[in-house]
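Accompanying notes for the structure given below.
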Amino acid sequence: MKDSPYSPDLFMKGLYDKIYKSPYENAKNGEDVSKISEEIRTKAREIFAIDKIPCKKSDFELIPVGKALDYPEYTLQKYTVEICENLNSLVYILTPKNLKKSAPGVVALCGHGYGVRQILKISKSGKKKHFNYFDNYQKNFAVELAKKGCVVIAPELFGFGEARLNKDLIKPFYISSCDELSHHLLPYGLTTATMRIYQAIVCGEILLKNQNVNPDKLSCMGISGGGLTALYASLIDERFKKTVVSCYVNTFRESIFSRWHCPDNYIPQIIEAGEIYDFASSIVPRELLIESGKRDKLFPIDASIKAHENIKRVYNLSGVSDKLHIDIFDGKHAVSGKKSFDFLSE
């Protein structure tokens with residue numbers, strides 16, 4: 001490889017050390033953690049700037065689209081809901097059959113692929129069908145949670161599937177609109193992550209109004225890019241009592257900054273506020289379960305373990321080490337489910 005004395009390589013490598021400062025480095029007890037975590041939550045609200053989204057709605061009316069699909073253990077209904085002026089969100093609600101009491105409610109957030117259908121086991125036409133795309137790395141986890149007795153809401157995240165730009169809808173189903181949307185939102189002080197986090201929070205509000213959901217058992221789960229959304233939505237909105245982040249908790253340096261990732265991972269000024277593990281730590285004292293694959297090439301396991309140790313320290317200082325759960329599984333970039341499905345359905 002040819003070298004140039006004018007290459008920005010060294011400059012880019014040095015930025016991290018110059019700018020990142022560990023917010024929890026000097027924390028010594030639970031009181032310190034409580035103060036720092038509140039500061040980080042405040043910074044997260046500023047960084048993701050949900051308040052900058054214009055014309056947000058406050059009441060969310062679910063309008064059914066087509067007939068419900070009937071499965072032995074649950075029903076699946078597609079809805080449209082206006083979340084902002086000129087922006088409708090597509091959501092699916094999975095309701096277990098024979099519910100005898102209010103159930104846990106879970107916001108299920110898909111990762112990159114062909115959109116929300118990848119966690120629902122259905123085709124584009126809405127028919128029952130099983131896809132095995134990208135090694136089925138998302139494991140139809142919305143369906144698995146419904147089978148466990150959870151009421152699940154799964155949105156088509158901004159830029160994925162049916163929520164792509166119109167001109168992208170003719171492209172192969174696995175090509176998202178993330179690139180253009182991410183770039184074009186920046187001049188407005190917004191990001192793709194901002195829009196998806198807002199969608200997740202709206203879905204949480206919808207579940208809280210669902211008569212089948214126990215409001216004290218509202219949770220959020222996401223894989224990969226959906227894990228990013230789940231993490232920051234839970235950080236910003238403390239109504240989420242449990243959070244599962246699958247294949248995202250790592251370090252910016254060893255994952256997002258070490259190779260090409262989708263532009264939706266790059267958030268202006270975020271490194272000034274903290275590392276991925278600092279944001280995850282700030283969910284304390286609520287319950288957090290992290291899934292990390294030993295053979296995940298996108299989020300390398302050594303850096304994930306480093307992140308886990310930092311989060312453990314914060315939870316230990318707060319005296320709630322039992323609220324942190326970690327599943328290091330022998331797999332690639334994928335949902336595990338070994339611990340998380342029971343964790344959310346309890």
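Brief remarks follow.
- Cα centroid of region 1-36 to Cα centroid of region 70-87, whole Å: 42 Å
- Globularity index of region 275-346, i.e. its alpha-carbon radius of gyration over 2.2 N^0.38 Å: 1.08
- Nearby lysines by direct alpha-carbon distance to LYS294 (threshold 20 angstrom, same-chain neighbours under 8 apart not counted): LYS139, LYS306, LYS312, LYS332, LYS338, LYS339
- Subtracting the Cα-Cα distance of LEU165 and ASP322 from their residue separation scaled by 0.36 nm leaves 52.2 nm.
- Coupling constants for region 77-86 follow from the phi torsions by the Karplus curve (6.51 cos²θ - 1.76 cosθ + 1.60, θ = phi - 60°), and in residue order they are 10, 8, 9, 10, 9, 7, 10, 8, 4, 6 Hz; glycine and proline get x.
- Across region 194-298 the C-alpha pair distances fall into 5 Å bins from zero in the proportions 2, 12, 23, 24, 19, 10, 6, 3, 1, 0 percent.
- Take each peptide in 236-245, 204-213, 302-311, count the other Cβ atoms within 10 Å of every residue, and average; sorted highest first, the result is 236-245, 302-311, 204-213.
- Percentage, to the nearest whole number, of Cα pairs in region 1-139 over 27 Å apart: 55 percent
- For CYS262, nonlocal amide neighbours, meaning residues 5 or more places apart or on other chains whose placed amide H falls under 5 Å from its own, do not occur.
- For the residues PHE158, PHE60, PHE252, a GNM of the chain with alpha-carbon springs under 10 Å puts the largest fluctuation on PHE60.
- For region 22-345, Kirkwood radius (reciprocal of mean inverse C-alpha pair distance, Å): 19.6 Å
Values quoted throughout were computed directly from the atomic coordinates according to the rules given, and no laboratory measurement underlies them. Computed from a prediction, not measured in an experiment: that's the story for all the values here. Neighbour counts run over all protein chains shown; Cβ positions are idealised from the backbone, glycine included.
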